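To start, the structure under review is shown below, and the notes come after it.
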Amino acid sequence: MRETRYARPVGGHPGESELLTGRSICTSHYMVIPRTVMRDIVTSRLPFWRETRLWVLARPLSGFAETFSHYVLEVEPGGGSDEPELDMGVEGVLFITHGQCTIEIGDQAMTLESGGYAYIAAGSRWNLRAEDGAGTCVFHWIRKRYEVVPGHESPRTFFTRESEVTPESMPDTDGRWTTTRFVDPDDMRHDMHVNIVNFAPGSSIPFLETHVMEHGLYILEGKGTYCLNNDWVEVEAGDFIWLRAFCPQACYAGGPGPFRYLLYKDVNRHARLWSADKMTL
């Protein structure tokens, strides 16, 4: 069985003898944040988190991400938080790539390691601790304000692992393009999906997808060429891509190994026709 590999930010600091030219791209339709710019000097801190630093890859911002934020956190052994989420209206997904952490929600505790996945429902009170002896715990934390539907049940917190979810083959691809779905697409309780998309070397998205869902993609493994609003951009493990709604997109997997990414999208809700502060239930 092939060993699962997950990228993580580079950190550190480049030498002054290195070239300034890089692969960062910022447009009104998409953004590429390459792994090489995720350095120590651009990390952030959060209130009530101990021995923790993070890279903020996406946040709600005019002309940028509208529906979500995406963090990559590094938590040293023994670090963590007793108050990780300060907004009770926000749901979240945690995906662990390195180390080990324990999450407690009420009387439920779950220890997650590389490949571990947690969906944390809005309104949950929880805490997280990086376990001693397992090195720095690195994980993605994707957050979205949950859109309540009156008369409709809200989702519950759950835990799983990538290895426990069978990837689903996309139509007519013979397993060369698969999606590891952590939530049933027909489950209307959920208003966001955070999945893993997998491509065998040489496979592709064979058309320019153009759709209402906003995307955040973190390349977990491999390299490929992504078409973003008709610009072809090379990306590799550790890069992050943001795509606005309706941005045309497609990709080729470059090889020699698999090309895989963690994908966010907003789903299963009406298009909002007024600002959030005017919404009533």
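The values are calculated or read from the model by the stated rules, or taken from the named source; none is laboratory data. Predicted model, so just to flag it, every value in this text is computed and none were measured. Glycine gets a Cβ as well: all are built from the backbone with ideal geometry, and neighbour counts include every protein chain shown. Ligands, DNA and RNA are stripped out before the accessible areas are found, and what is left, the full protein with its side chains, is counted by its heavy atoms. Shrake-Rupley method; radii C 1.70, N 1.55, O 1.52, S 1.80 Å.
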Practice task
For residue 148 paired with residue 209, estimate the spin-label separation in nm (one decimal), with each label point 7 Å from Cα along the Cα-to-Cβ line.
Solution key: 3.1
Fill in the blank from the handout: Under Stokes-Einstein, region 39-80 at 10 °C and 1.306 mPa s, with its Kirkwood radius over C-alpha pairs, diffuses with a coefficient in µm²/s of 140
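Set the Förster distance to 35 Å, then compute FRET efficiency between residue 271 and residue 107 from the Cβ-Cβ distance, nearest 0.05.
Numbers: r = 39 Å, r/R0 = 1.13.
The calculated FRET efficiency here is 0.35.
For region 37-131, how big is the tail of P(r) above 21 Å, as a whole percent of Cα pairs? Please list the in-between numbers first.
Numbers: 1437 of 4465 pairs.
The calculated P(r) of region 37-131 puts 32 percent of pairs beyond 21 Å.
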Handout entry: Inter-label distance for residue 42 and residue 28, nm, one decimal - labels placed 7 Å from Cα along Cα-to-Cβ
Key = 2.3
Handout entry: Calculated SAXS-style log₁₀ I(q)/I(0) at q = 0.11, 0.13, 0.15, 0.16 Å⁻¹ - region 105-251, Debye, Cα scatterers
Key = -0.53, -0.74, -0.98, -1.09
Fill in the blank from the handout: Rounded to two decimals, the Rg over Rh value of the chain from Cα coordinates and the Kirkwood Rh reads 0.94
Practice task
For region 176-281, evaluate the Debye formula with one uniform point scatterer on each Cα (no solvent term) and list log10 I(q)/I(0) at q = 0.17, 0.21, 0.23 Å⁻¹, rounded to two decimals.
Solution key: -0.82, -1.14, -1.31
Problem - For region 194-281: accessible area per residue (Å², 1.4 Å) - result: 46
Fill in the blank from the handout: Between the alpha carbon centres of region 209-281 and region 96-167 the gap in Å comes to 22
